[in-house]
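Structure, as structure tokens:
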Amino acid sequence: TPDEQEQLMAAIKGHVLELCMDPNGTHVVQRLLYCFVPPCTDLIYHPVVSKLVDVAHHPYGLCVLKKCISQAKTQSNHQELLLSRLAEHALDLVQSPYGNYAVQHALEEWGGVCCTPIFKSLEGRMMQLSIQKFSSNVVEKLFCSAPAEFRARFISELIESEKMLVLVNSNYGHYVVKRALQLAEPGQVRLLLDAIRGNIEQLPNRRLRAKWEKVISAGSERLGARAD
């Protein structure tokens, strides 16, 4: 009953963050989010939003945050609060071993135009994020979820960067570029292929060069032509 819900929430008030980061408590909080509705769940959302960065960087806290993101699809006020805080700290979160999953989950659950604040927060950082283990996964997700206008701008950052050689030498760059070539407009595909070709000749690592040659081949096939 509503009265019982209020009594239960009153019992955990002041202990939400502690429970979020506990191996058993995290399951309790996630269950409450699933079973209860506002205004009861406000007692969970408010402390999670206020300490979102700490929660996102914690393995058990992340699980609660992802549940908050999923449930907030139908609770717009909570979504706005979460989105604002995620966008504010996006650059830090996407480079974190746990935090990156919070941003990815928001992109998957909310997607498109709704996530414009996150896109704006990360714009101008594509090269920096594409050469790192955790954030490179987020860049791929950005390419998939962003509206065409943002996607084109993100891909242009790679094409126009003076640091293409750094990207080509990284262990994660080829995953990002492969995704970009799958989703870019033909004109950007050509420019991106040209930028890569101009740099892989300098690669000392033959195994990495072979991976790039596969990426180039796939991109060239998409244009209907074989790689040179």
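The values are calculated or read from the model by the stated rules, or taken from the named source; none is laboratory data. Owing to the predicted nature of the structure, the values given are computational and were not obtained by experimental measurement. Quick reminder, even Gly has a Cβ in these numbers, built from the backbone with ideal geometry, and neighbours come from all protein chains shown.
Considering only residues that are small (Gly, Ala, Ser) and outside any helix (DSSP H, G or I), look in segment 100-140 and name the one that is surrounded by the most Cβ atoms within 10 Å (Cβ to Cβ).
Among those that are small (Gly, Ala, Ser) and outside any helix (DSSP H, G or I), it is Gly111.
May I ask you to list the residues in segment 9-28 that are more than 10 Å from Leu43 (Cβ to Cβ) and assigned to a helix (DSSP H, G or I)?
Scanning segment 9-28 gives Ala11, Leu17, Glu18, Leu19, Cys20, Gly25, Thr26, His27, Val28.
What helices (runs of 4 or more DSSP H), lying completely within segment 147-227, carry at least 3 residues that are at pLDDT 95 or above and under 16 Å from Gly124 (Cα atoms)?
148-160
Kindly indicate whether any position in segment 73-81 is outside any helix (DSSP H, G or I) and either touching a residue at least 60 places away in the same chain (Cβ under 8 Å) or surrounded by fewer than 15 Cβ atoms within 10 Å (Cβ to Cβ) (or both).
No - not one qualifying residue is present in segment 73-81.
Within segment 167-177, can one find any residue that is within 17 Å of the chain's Cα centre (by Cα), surrounded by fewer than 18 Cβ atoms within 10 Å (Cβ to Cβ) and at negative phi? Explain how you work it out, then say what you get.
Taking segment 167-177 and keeping what is within 17 Å of the chain's Cα centre (by Cα), we get 172-173, 175-177.
Retained after the next criterion (residues that are surrounded by fewer than 18 Cβ atoms within 10 Å (Cβ to Cβ)): 175.
Subset that is at negative phi: 175.
Yes, the conditions are met somewhere in segment 167-177.
In this structure, does Leu91 turn out to be within 11 Å of the chain's Cα centre (by Cα), in a helix (DSSP H, G or I) and at pLDDT 95 or above?
On the way: within 11 Å of the chain's Cα centre (by Cα): yes; in a helix (DSSP H, G or I): yes; at pLDDT 95 or above: yes.
In short, yes.
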